[in-house]
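Quick note: the coordinates plus some simple rules give every number you see, no bench work behind them. Keep in mind the model is a prediction, meaning the values are calculated, not measured. Note: ideal-geometry Cβ built from the backbone for every residue, glycine included; neighbour counts use all protein chains shown.
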Amino acid sequence: PKNPLYCSIDGVVYDIDQTRVVVYPLGKSDLHQVPDSVTDVSAIFEYLPYYPNLNIALGNGVTDYATVDGVIYSADMKTLYYCSPSKTGTYVMPDSVTEIASCGFANTGLTEITVSPNVTEIVYGVFMGSKTLQKVNLPDNLQSIGLYAFQYCTGLKSADIPASLTAID
């Protein structure tokens, strides 16, 4: 309580002005409402895939990001940062998405994913650990698949490789 630089709300560490998330603790599984004063949640995104129980409701003050049905995007919906592990069933990515962040779908409960036709690269570990994932529909203009993209996707039965693909790490 006497720290001049940081404060804690339900175990989540913010800067003293509550404009930036500094640390979201490992193992925190309950829904946490980020205060409306917060405008920077970028510190969370680097670690999202490693927190399988993480579920964050972003406040209105976070203008750089948008959440739609358990998926976090950039505000312009061009970058998909993170899909909640609790999301199940089939997911069709919006056509506006051009980039998926590293480990963006790691450990999800989805069974089928259709990647946006505007994504040309599947980066490091995008689907890693998604054991229930059975089918991935890749876009026709996909050019590369990064290292560990499908690691531990033990239920994967189908991922058609388009002719445009030039590199698989």
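Sorting 121-129, 145-153 by their mean Cβ neighbour count within 10 Å, with the most densely packed peptide first, gives 121-129, 145-153. In a simple Cβ point-charge model (Lys, Arg +1; Asp, Glu -1; nothing else charged), the chain has a dipole of about 500 debye relative to its Cα centre.
Dividing the helix sum by the residues of the chain, where each DSSP H run of 4 or more adds -39500 (n - 2.57), gives a mean residue ellipticity at 222 nm of -500 deg cm²/dmol. Residue pairs exceeding 23 angstrom between C-alpha atoms, taken from Lys78/Lys157; Lys87/Lys157; Lys131/Lys157; Lys87/Lys131: Lys78/Lys157. For the pair Ile16 and Lys135, the difference between a 0.36 nm per residue extended length and the Cα-Cα distance amounts to 38.4 nm. Excluding same-chain neighbours fewer than eight residues apart, the lysines reachable from Lys2 by a Cα-Cα span under 29 Å are Lys28. Principal axis extents of the Cα atoms in the chain, from largest to smallest and rounded to whole angstrom, are 59, 29, 26.
A Förster distance of 30 Å, applied to the separation of the beta-carbon atoms of Tyr124 and Asp69, puts the FRET efficiency at 0.75.
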